[in-house]
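Please read the structure below before turning to the comments.
Quick note: the coordinates plus some simple rules give every number you see, no bench work behind them. Quick caveat: nothing in here was measured; it's all calculated off a predicted structure. Here the Cβ is made from the backbone with ideal geometry for all residues, glycine too, and neighbour counts use every protein chain on show.
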Amino acid sequence: MGLVPRRAVLAIAAGALAAGCGSSVADRDGREPVRTAPPPPSPFCAAAQANSAAIRPLNTLLARGTGVPPEELSNTVDAVRRTSADLLNAAPNEIRPEVERTVQATNLQLDALLASGGDGGAVARDRELAARLNSPEFTGAAEQLRSYLQSNCDENLFGRR
C-alpha cells in the first residue's frame, strides 16, 4: 500500500475540521461523501515515469557485462529512445531546453552503447564522451530537470523531499 499524497492528507484534514465546526448530523444526511483522489499525473510526469521505467531494463542488461544479445540491446535502446522522444514532446515550455539537453545526453550514451555492442565499460572509458556528458551544459540541464520532476511530479516517483 502506498503513502497517501500530502495534498490528499491536507484535503482530508480540512474536511474533518469543517465537519466538526458548525455543521450538524442533519446537514450531512443525504449528501454523498466527497472522495479525494490524487489527480492523474500530467502528461509530462507520465512520460518521465515511462522513460525511467524504460531505462531500468537497460541498466539490468549492462549489469550483466559483455555478451548482451544484440537484438535485446537494440530493442531496449529503442524503448529508451521512444520514451525519451515522448518526454521531449510532453515537456512544458519552462523546462523544454533542459529536457532537450538531457535527451541529447541520453542519445549520445545510447549511440556509444550500440557502437560498443552493449559494453558499458567501454562507454565509461570513453574520455571524450565523459567530458561532453560532464559539461556544465549537460549536468546543469539534468539537475534542473531532476529538480522540476521532484517539485512537480508524484513524490513517490521522483523523490520529492
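Extending 7 Å from Cα along the Cβ direction at R132 and again at A115 yields two label points whose distance is 0.7 nm.
On full extension of the chain, what length is gained from S147 through E71, given 0.36 nm per residue of separation minus the C-alpha to C-alpha distance?
Numbers: separation 76, 0.36 × 76 = 27.36 nm, distance 3.47 nm.
Length gained between S147 and E71: 23.9 nm.
Coupling constants for segment 100-115 follow from the phi torsions by the Karplus curve (6.51 cos²θ - 1.76 cosθ + 1.60, θ = phi - 60°), and in residue order they are 4, 5, 5, 5, 4, 4, 4, 5, 4, 5, 5, 4, 5, 4, 5, 5 Hz; glycine and proline get x. By the Kirkwood approach, averaging reciprocal distances over each pair of separate Cα atoms, segment 79-124 gets a hydrodynamic radius of 11.3 Å. Once the C-beta distance of A63 and E94 is scaled by a Förster radius of 22 Å, the resulting FRET efficiency is 0.05 to the nearest 0.05.
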